[in-house]
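The values are calculated or read from the model by the stated rules, or taken from the named source; none is laboratory data. Just so it is clear, the model here is predicted, and its values are computed rather than measured. Here Cβ is always computed from backbone atoms with ideal geometry, including for glycine, and neighbour counts include all displayed protein chains. What goes into the accessible areas is simple: the full protein's heavy atoms, side chains included, and nothing from ligands, DNA or RNA. Shrake-Rupley method; radii C 1.70, N 1.55, O 1.52, S 1.80 Å.
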Amino acid sequence: MLPFALGFLIVILQPSAGQFPRVCANMQSLLSKECCPPWDGDGSPCGELSSRGSCQNILLSQAPLGPQFPFSGVDDREDWPSVFYNRTCRCEGNFMGFNCGECKFGFSGLNCTERRVGTRRNIFQLTTSEKNKFLAYLNLAKNIPSEDYVIATGTYTQMNNGSNPMFRDISVYDLFVWMHYYASRDTLLGGSNVWQDIDFAHEAPGFLPWHRAFLLMWERQIQKITGDENFTIPYWDWRDAEDCGVCNDEYMGGRHPTNPNLLSPASIFSSWQVICTRSEEYNSRQALCSATSEGPIRRNPGNNDKSRTPRLPSSADVEFCLSLTQYESGSMDKMANYSFRNTLEGFADPQTAISNPSQSGLHNALHIYMNGSMSQVQGSANDPIFVLHHAFVDSIFERWLRRHRPMLEVYPAANAPIGHNRENYMVPFIPLYRNGEFFKPSRELGYDYAYLQEPALESFQDFLTPYLQQARQIWAWLVGAAVFGGVVTAVLTRHIRACWKKKEATSSEIQPLLIESEDYNNITYQSNF
């Protein structure tokens with residue numbers, strides 16, 4: 001019984017977040033470009049002795065990229081993670097992790113064979129005890145160091161190509177703030193030059209899959225540090241909200257009594273320090289964010305630029321967005337029209353789906369509305385409202401997946417902005433995940449949303465919608481086929497009657513009636529989601 005219990009603990013306590021695994025943040029690993037740590041369960045690299053995985057060369061996508069990034073070989077994030085490592089653990093079956101020591105999302109148990117589906121709930125439907133526990137978990141994550149991961153404080157070149165490692169410790173919560181910064185930071189070109197039109201987590205097809213993976217890893221880290229395997233991220237349903245309903249001391253922190261840009265001293269979040277918010281300073285020094293404290297969380301909800309974001313999103317905005325059948329379109333960036341992704345992200349008008357980057361809708365509207373730390377992309381995850389907000393954005397993505405049931409091929413395989421093709425690895429996650437791996441229903445990844453489980457008319461409508469859309473697409477063909485079939489039937493009937501009359505009129509010497517068989521072409525109807 002004891003060995004079984006120990007084995008079970010080894011499985012559930014394995015690392016699951018992503019950046020630089022501590023065991024690979026050293027000169028030997030960087031110079032050899034190999035990150036294949038041993039699994040504690042058997043001591044072999046990637047748990048190979050237990051058939052969990054093996055150390056393999058990284059297989060990079062060769063699909064062409066879009067024109068948005070006109071450089072090559074200047075950014076550590078290109079062809080992630082090959083600048084740092086070209087050999088990592090490739091896990092088998094339901095195993096996952098930088099050393100194949102954990103279970104894939106949605107699985108648990110000693111051999112990762114048990115399916116698990118957690119339910120994310122509306123934060124306002126949590127009991128007082130559940131809500132207080134969530135707040136305590138957030139504060140714990142902010143103050144406990146990550147055991148398994150460190151962050152890079154310099155580029156690979158600044159590390160002298162690996163011979164001078166530059167890494168530092170970071171708290172569990174700030175690890176995720178830093179990852180969000182690192183994925184969206186500018187490219188450092190040397191001198192005082194930077195390239196800003198680059199983002200591995202936003203403004204392109206990977207926006208929704210990237211944040212889906214991000215939340216899953218964050219959720220699992222909370223489960224790990226608290227020992228609460230049943231923890232799930234709550235969401236804030238902001239549709240039709242007149243103000244920030246979570247911006248009070250009972251939830252995510254109220255307004256400071258004398259400084260409207262700060263949080264109330266009664267909130268535990270008022271003592272939090274932000275990191276990675278000074279992008280212009282980093283760019284001028286050609287440096288990375290080193291995760292040093294940069295002051296308190298700033299938030300002044302509702303006092304934002306009304307010309308850009310006049311109101312919070314409405315239910316009608318969400319419903320229109322869900323009606324869009326194309327996941328991605330055109331240039332596949334923030335200028336894309338009639339794109340579900342671009343409309344949900346907020347660069348296209350939520351009433352027309354026409355790109356308008358000067359306005360901020362849906363997802364972007366919430367960030368601008370918060371008018372503080374949340375409103376600057378690279379440092380937006382500093383505000384814990386970020387988690388609640390993105391959980392609800394992910395639920396809208398989930399509704400679209402259930403309504404339209406797209407095949408994986410709907411996600412662009414080529415010509416998307418750098419890092420966003422289907423087979424590209426997501427920056428900066430280690431273990432490695434491809435964008436396409438998270439373009440699937442949430443239940444396959446081990447979670448669901450409470451409001452999507454309710455047997456309402458809306459869910460039945462969502463079920464029927466894709467079939468009705470396909471019927472509309474082929475309706476003209478069906479009518480044409482019916483008319484054609486009627487004409488053919490009439491002609492054949494007339495021909496047969498004429499033949500019978502001729503037969504009755506002939507003598508006893510009857511010639512056999514020869515009928516040629518006709519080949520009918522099969523018509524294939526394709527629905528373009």
Residue, surrounded by the most Cβ atoms within 10 Å (Cβ to Cβ), within region 343-384, restricted to residues that are on the phi < 0 side of the Ramachandran plot, part of a helix (DSSP H, G or I) and without any contact (Cβ under 8 Å) to a residue 60 or more places away in the chain = T343
Keeping to region 69-89, report how many residues are open to solvent by 20 Å² or more (accessible area, probe 1.4 Å) and under 21 Å from the mean Cα position of the chain (by Cα).
-> 2
Filter region 117-132 down to the residues that are in contact with an Asp or Glu (Cβ under 8 Å, 6 or more places away or on another chain) and polar (S, T, N, Q), then identify the one that is surrounded by the fewest Cβ atoms within 10 Å (Cβ to Cβ).
-> T119
Identify all residues within region 301-342 that are β-branched (V, I, T), open to solvent by less than 10 Å² (accessible area, probe 1.4 Å) and part of a loop (DSSP other than H, G, I, E, B); write none if there are none.
-> T309
The lone exception for N160 - which of (1) over 25 Å from the mean Cα position of the chain (by Cα); (2) open to solvent by 30 Å² or more (accessible area, probe 1.4 Å); (3) on the phi < 0 side of the Ramachandran plot it fails = (3)
Matching option when the condition is farther than 20 Å from M96 by Cβ and buried (at least 24 other Cβ atoms within 10 Å of the Cβ), among Y181, Y251 = Y181
Would you be able to tell me the number of residues in region 415-432 that are assigned to a loop (DSSP other than H, G, I, E, B), closer than 16 Å to F214 by Cα and either free of Cβ contacts under 8 Å to residues at least 12 places away in the same chain or within 15 Å of the chain's Cα centre (by Cα) (or both)?
-> 8
Looking only at residues in region 289-300 that are in contact with a Cys (Cβ under 9 Å, 6 or more places away or on another chain) and open to solvent by less than 20 Å² (accessible area, probe 1.4 Å), which one is farthest from G154 (Cα to Cα)?
-> R299
Evaluate region 253-260: report whether one residue or more is at pLDDT 95 or above, within 28 Å of the chain's Cα centre (by Cα) and not β-branched (V, I, T).
-> yes
Which one of the conditions (1) in contact with a helix residue (DSSP H, G or I) (Cβ under 9 Å, 6 or more places away or on another chain); (2) open to solvent by less than 70 Å² (accessible area, probe 1.4 Å); (3) at negative phi does G43 fail to meet, given that it meets all the rest?
-> (3)
Residue check: is G53 more than 30 Å from Q196 (Cβ to Cβ), under 26 Å from the mean Cα position of the chain (by Cα) and modelled with pLDDT of 95 or more?
-> yes
